[in-house]
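Colleague: Just passing along the structure, written as structure tokens.
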Amino acid sequence: QLEVEVVDMNGKAIDGPVRLDISVIDQNDNRPMFKEGPYVGHVMEGSATGTTVMRMAAFDADDASTDNALLRYNILKQTPTKPSPNMFYIDPEKGDIVTVVSPALLDRETMESPKYELVIEAKDMGGMDVGLTGTATATILIDDKNDHAPEFTKKEFQATVKEGVTGVIVNLTVGDRDDPATGAWRAVYSIINGNPGQSFEIHTNPQTNEGMLSVVKPLDYEISAFHTLLIKVENEDPLIPDIAYGPSSTATVQITVEDVNEGPVFHPNPMTVSKQENIPIGSVVLTVNATDPDTLQHQTIRYSVYKDPAGWLEINPTNGTVGTTAVLDRESPFVQNNVYTALFLAIDSGNPPATGTGTLHITLEDVNDNVPSLYPTLAKVCDDAKDLRVVVLGASDKDLHPNTDPFKFELSKQSGPEKLWRINRLNNTHAQVILLQNLKKANYNIPISVTDSGKPPLTNTTELRLQVCTCKKSKMDCSATDALHISLTLILLSLLSLFCKSF
């Protein structure tokens, strides 16, 4: 838009100003351009003729109201050209790409490649020869659908496994023409017959799609030397409605179990028995029993001691009789919670020999074989003490009830005109020694006997050492006590007591 006026030589306006409109007429000087690439489309194999795959849209900078920007689309080239050089059609006005071949030809598994590249041309001027052109490449991928069932590469597979062993025993191979990157190819295996004991499992190798058949529960040759499994394979994704799994989707696996020399087995295991402690050396504890699982090999079994922590036992190598070689002691540190544990071996005559281990628990019943002990054995008292209760004594016994408390506490007979002390029972396990008068500074030995409640009872005599000390200002001085004060009568009584007990 311009404004124009006329002036004379002196610059005086003669006419105007007048508005002048200038229209710029479009010239076709811009080619169509595809700006939104890359262009990738997908179509499912077997799709009906006329299925839309994708849309191509180009841009032309020329005047949209003129033919300069009126675009028409065309397919210049298709790669590859099989099974048909014209697999697709593009709507010249809209740019929609559609399939033009029958569903049978749109078969991913029979194609040279599931990927097609189309060179698309966009021409302005309504597609006239004088129009300018622009091109782009459209990539079309043929997507897989599950139209092929997996098939075993053979009808029967063979496997061999040693009895007692677990792990993968055979890889089952299948073929599937579907896309390996999809659930239409990935295989799912199942055992449909021959596995009542759940001894076998099968899993898919994700890299190879093979079925890895494993033994998860050890097999026993003596029970069954052969197993026959029926295996079925399917896909993760369901098959399309008009496709079904056929006979080739099942296979048989013949498994041969190899015999190995198994170790003998103790019955029962562990073995338990109860015996009194201190039974005579050479006593029979029990006779163990072990059998060889290899019933078809008719082997012999010999026995031996494996672990006998205290060295108390022996075993007859032929008949398995366990006897004692030492005194069984319930109070031994090798006995835990009244139970002594030993291990035995049963060795067969195979080549090489196989060994089984049996555990024996001997529960030891208590007998009264431990004298009670007294504590403490030392007491101190001041020579001017007002409280003449010297000490509380306790008794303990390694045996069990009823061979322990209640204990009987007794004081050996005292000589002289006056008794110097007495003992009072406090309860089943404790007693108290009381002075009957203050004593002069010295050391005194007081014989005290303690008797348990066993049948027959056991008695132990212990000397309580009593120190009478000088006490000043709450300090006890026992360093300069006089010579030991104990009567000859007490000594004789103690010796007599020990002499009688030994007989």
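Colleague: Residues of segment 102-121 being β-branched (Val, Ile, Thr) and at pLDDT below 95, which ones? Steps first, answer last, please.
Modeller: Within segment 102-121, the subset β-branched (Val, Ile, Thr) is 110, 119-120.
Hit for segment 102-121 is THR110, nothing else.
Colleague: For segment 50-62, how many residues are under 21 Å from THR99 (Cβ atoms) and assigned to a loop (DSSP other than H, G, I, E, B)?
Modeller: Applying the first criterion (under 21 Å from THR99 (Cβ atoms)) to segment 50-62 yields 50-57.
Checking the rest, the ones that are also assigned to a loop (DSSP other than H, G, I, E, B) come to 50-51, 56-57.
The number of residues fulfilling the criteria is 4.
Colleague: Hey, among the residues in segment 158-176 that are part of a strand (DSSP E or B) and touching a Gly at 6+ places or on another chain (Cβ under 9 Å), which one's surrounded by the fewest Cβ atoms within 10 Å (Cβ to Cβ)?
Modeller: So in segment 158-176, the residues part of a strand (DSSP E or B) come out as 158-162, 167-172, 174-175.
Retained after the next criterion (residues that are touching a Gly at 6+ places or on another chain (Cβ under 9 Å)): 161, 170-172, 174.
On the way: VAL161: 23, VAL170: 20, ASN171: 13, LEU172: 24, VAL174: 22.
Of everything passing the filter in segment 158-176, ASN171 is surrounded by the fewest Cβ atoms within 10 Å (Cβ to Cβ).
Colleague: May I pose another question? Quick check on my filter: what residues within segment 414-449 are among the basic types (Lys, Arg) and closer than 25 Å to ASN370 by Cα?
Modeller: Step one: of segment 414-449, the residues among the basic types (Lys, Arg) are 419, 422, 425, 440-441.
Once the filter is applied, which keeps residues that are among the basic types (Lys, Arg) and closer than 25 Å to ASN370 by Cα, segment 414-449 yields only ARG425.
Let's see how each residue does on (1) under 30 Å from HIS401 (Cα atoms); (2) modelled with pLDDT under 95:
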{"position": "PRO293", "(1), (2)": "no, yes"}
{"position": "GLY311", "(1), (2)": "yes, no"}
{"position": "GLU314", "(1), (2)": "no, no"}
{"position": "GLY320", "(1), (2)": "no, no"}
{"position": "THR325", "(1), (2)": "yes, no"}
{"position": "TYR340", "(1), (2)": "yes, no"}
{"position": "ALA346", "(1), (2)": "no, no"}
{"position": "LEU360", "(1), (2)": "yes, no"}
{"position": "GLU365", "(1), (2)": "yes, yes"}
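Colleague: Shifting gears a bit: Looking at (1) open to solvent by less than 100 Å² (accessible area, probe 1.4 Å); (2) within 30 Å of MET111 (Cβ to Cβ), which one does PRO38 not meet, given that it meets all the others?
Modeller: Unmet condition: (1).
Colleague: Let me ask something else about it. Does ASP399 satisfy the condition of being buried (at least 17 other Cβ atoms within 10 Å of the Cβ) and assigned to a loop (DSSP other than H, G, I, E, B)?
Modeller: Values: buried (at least 17 other Cβ atoms within 10 Å of the Cβ): yes; assigned to a loop (DSSP other than H, G, I, E, B): yes.
Judged against the criteria, ASP399 is a match.
Colleague: Okay, moving on. Please state which of the following conditions VAL390 fails to meet, knowing it meets all the rest: (1) modelled with pLDDT under 95; (2) open to solvent by 40 Å² or more (accessible area, probe 1.4 Å); (3) over 30 Å from PRO456 (Cβ atoms).
Modeller: Of everything listed in (1) modelled with pLDDT under 95; (2) open to solvent by 40 Å² or more (accessible area, probe 1.4 Å); (3) over 30 Å from PRO456 (Cβ atoms), VAL390 misses just condition (2).
Colleague: Return yes when MET111 is without any contact (Cβ under 8 Å) to a residue 40 or more places away in the chain, closer than 30 Å to GLY175 by Cβ and hydrophobic (A, V, I, L, M, F, W, C) and no when it is not. Step through it out loud before you land on a result.
Modeller: Values: without any contact (Cβ under 8 Å) to a residue 40 or more places away in the chain: yes; closer than 30 Å to GLY175 by Cβ: yes; hydrophobic (A, V, I, L, M, F, W, C): yes.
Answer is yes for this residue.
Colleague: Right, something else. For segment 243-263, which residues satisfy the criterion of being in contact (Cβ under 8 Å) with a residue 12 or more places away in the chain and surrounded by fewer than 16 Cβ atoms within 10 Å (Cβ to Cβ)?
Modeller: ILE243, ALA244, TYR245, GLY246, GLN254, THR256, GLU258, ASP259, VAL260
Colleague: Another question, then. I'm checking my understanding of the structure. Among residues of segment 8-20 that are open to solvent by less than 70 Å² (accessible area, probe 1.4 Å) and in a strand (DSSP E or B), which one is modelled with the lowest pLDDT?
Modeller: Going through segment 8-20, the residues open to solvent by less than 70 Å² (accessible area, probe 1.4 Å) turn out to be 8, 11, 13, 16.
When the remaining residues are screened for being in a strand (DSSP E or B), the result is 13, 16.
Working: ALA13: 90, GLY16: 85.
Selected residue: GLY16.
Colleague: Name the strands (runs of 3 or more DSSP E) wholly inside segment 407-467 in which the number of residues that are in contact with a Phe, Trp or Tyr (Cβ under 8 Å, 6 or more places away or on another chain) is 3 or more. Break it down into steps so the answer makes sense when it comes.
Modeller: On the way: elements: 408-411, 421-425, 430-435, 442-451.
Strands (runs of 3 or more DSSP E) meeting the threshold: 430-435, 442-451.
Colleague: Enumerate the pairs (first residue in segment 70-81 and β-branched (Val, Ile, Thr); second residue anywhere and open to solvent by 70 Å² or more (accessible area, probe 1.4 Å)) with beta-carbon separation below 8 Å, excluding pairs fewer than 6 apart on the same chain, so at least 6 apart or on different chains.
Modeller: Final answer for the pair search is ILE75/TYR89; THR79/GLU117.
Colleague: Open to solvent by less than 40 Å² (accessible area, probe 1.4 Å) and not in a strand (DSSP E or B): which single residue out of SER102, SER65, SER23, SER47 fits that description? Show your work before the answer.
Modeller: Numbers: SER102 fails: open to solvent by less than 40 Å² (accessible area, probe 1.4 Å); SER65 fails: open to solvent by less than 40 Å² (accessible area, probe 1.4 Å); SER23 fails: open to solvent by less than 40 Å² (accessible area, probe 1.4 Å).
It is SER47.
Colleague: Please give the strands (runs of 3 or more DSSP E) falling wholly within segment 265-372 in which 1 or more residues are within 30 Å of ASN460 (Cα to Cα) and of a type in the set (S, T, N, Q).
Modeller: Details: elements: 271-276, 284-287, 301-307, 313-315, 321-324, 339-348, 355-365.
Qualifying strands (runs of 3 or more DSSP E): 271-276, 321-324, 355-365.
Colleague: So, in segment 139-151, of the ones that are open to solvent by 20 Å² or more (accessible area, probe 1.4 Å) and assigned to a strand (DSSP E or B), which residue ends up farthest from ILE255 (Cα to Cα)?
Modeller: THR139
Colleague: Mind checking which residues of segment 109-138 are in a helix (DSSP H, G or I) and open to solvent by less than 80 Å² (accessible area, probe 1.4 Å)?
Modeller: Taking segment 109-138 as the starting set, the residues that turn out to be in a helix (DSSP H, G or I) are 109-110, 125-127.
Residues satisfying the conditions are GLU109, MET125, GLY126, GLY127.
The values are calculated or read from the model by the stated rules, or taken from the named source; none is laboratory data. Since this is a predicted model, take the numbers as computed values, not measurements. Every residue, glycine among them, receives a Cβ derived from its backbone with ideal geometry; neighbour counts consider all protein chains shown. SASA here: full protein model, heavy atoms, side chains in, ligands and nucleic acids out. Shrake-Rupley method; radii C 1.70, N 1.55, O 1.52, S 1.80 Å.
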